[in-house]
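The structure under discussion appears below in the form of structure tokens.
Values quoted throughout were computed directly from the atomic coordinates according to the rules given, and no laboratory measurement underlies them. What you see is a predicted model, and the numbers here were worked out from it, not measured in a lab. Cβ: placed from backbone, ideal geometry, glycine included. Neighbour counts: every protein chain shown.
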Amino acid sequence: MYADEIEQYADKLKLMNTYLISTAKVKVSPTSYGKPIHKFYWVLDKETVIEHIKPSNELEKPLPPPTKLNITTFDRIPHMMVDSAAEIDILAIVLRCGPQKYAGRSHQKGREITICDNPKNQFILTLWEDFGEIEGNEIEAKMATEADLIVILRRSIGISNYQGLSLKTRFNSTIRVDPNYPQAVELINWAKENKTMFLSRASEKTSTSSSARPMVVTPDGQQVISIA
């Protein structure tokens, strides 16, 4: 909304209300000032029609479960071009969740988790700042209380080649624990069948010393080193 439209719609749009909006303009978010959070944005003007939808106490049919994921498998990551703008979506099993700590001498806090996907390729994913505090605490709590390994879906994850190839959260990343996708359910079942193998590899191959960088050795001998 711009200029007079701000005052015009100020009293019409209220938080936690539902509206039917017609004839609004949809535009592509500009990229001249950096990567936007949303691909599109709406513009309301004098021609826009806004109708308030009255709340209903009737039970609505639940939406069907999602069926499609456009994810990047771990075996493709080493062959991808790594740059500051590269973002991928990944689905993986969590093998280890480290504590949240400051990265080197900086004031940035991060938490490293060791993850793998179906082909057993392992990577370290760094959860920076709030991701380590919020989603990291959720992952840590579930791993401490649940018998089975957990699967997480991460969107808009960055790739880093600092001191080895690894993954990291970005400002627009999202993390879902045990998402309800067919691919996730399949991976969860596969993790249950191979839980003993996963836990033995994580305990034998992952350093837990506070003075050393965690290092994971994948089944094919490739080393994955922490970036923090």
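Could you work out the relative contact order of the stretch 34-146? I mean the mean sequence separation of Cα pairs under 8 Å and 6+ apart, divided by the number of residues, in percent. Provide the component values of the computation, followed by the final result.
On the way: 99 pairs, mean separation 19.1, N = 113.
Taking the mean separation of contacting Cα pairs over the length of the stretch 34-146, I get 17 percent.
Mind scanning LYS12/LYS68; LYS14/LYS61; LYS14/LYS101; LYS109/LYS195 and naming the pairs with a C-alpha gap bigger than 32 Å? Write down the numbers at each step before the final one.
Working: LYS12/LYS68 36 Å; LYS14/LYS61 25 Å; LYS14/LYS101 40 Å; LYS109/LYS195 30 Å.
Beyond 32 Å: LYS12/LYS68; LYS14/LYS101.
With a 10 Å radius around each residue's Cβ, average the other Cβ atoms per peptide and rank 14-22, 181-189, highest first. Write out the running numbers ahead of the final one.
Numbers: 14-22: 9.2, 181-189: 16.0.
Packing proxy ranking, top to bottom: 181-189, 14-22.
Can you check what the net charge comes to around ILE71, using other residues whose Cβ is under 14 Å from the Cβ of ILE71 (Lys, Arg +1; Asp, Glu -1)?
Values: positive: LYS68, ARG76, ARG154, ARG155, ARG176; negative: ASP75, GLU87, ASP89, ASP117, GLU186.
Neighbour charge sum, excluding ILE71 itself: 0.
Using alpha carbon centroids, what distance separates the stretch 17-49 and the stretch 117-178, in Å?
31 Å
Quick one: grab the alpha carbon gyration tensor of the stretch 4-53, order the square roots of its eigenvalues as a ≥ b ≥ c, and give me rounded if a/c is under 1.5, else prolate or oblate depending on whether a/b is larger than b/c. Provide the component values of the computation, followed by the final result.
On the way: a/c = 2.10, a/b = 1.88, b/c = 1.11.
It comes out prolate by the Cα gyration axes.
What trypsin sites (Lys or Arg not before Pro) does the stretch 101-176 have in DSSP loop regions with at most 12 other beta carbons within 10 Å? Could the numbers behind the result be given before it?
Numbers: sites: LYS101, ARG105, LYS109, ARG111, LYS120, LYS142, ARG154, ARG155, LYS168, ARG170, ARG176; in loops: ARG105, LYS120, ARG170.
Here the trypsin sites (Lys or Arg not before Pro) that fit, given the DSSP loop and packing criteria, are ARG105.
Could you point to the residue in TYR9, THR23, PRO36 farthest towards the positive end of the stretch 4-53's charge dipole, with +1 and -1 charges on the Cβ of Lys/Arg and Asp/Glu respectively?
Positive-most Cα among the choices belongs to PRO36.
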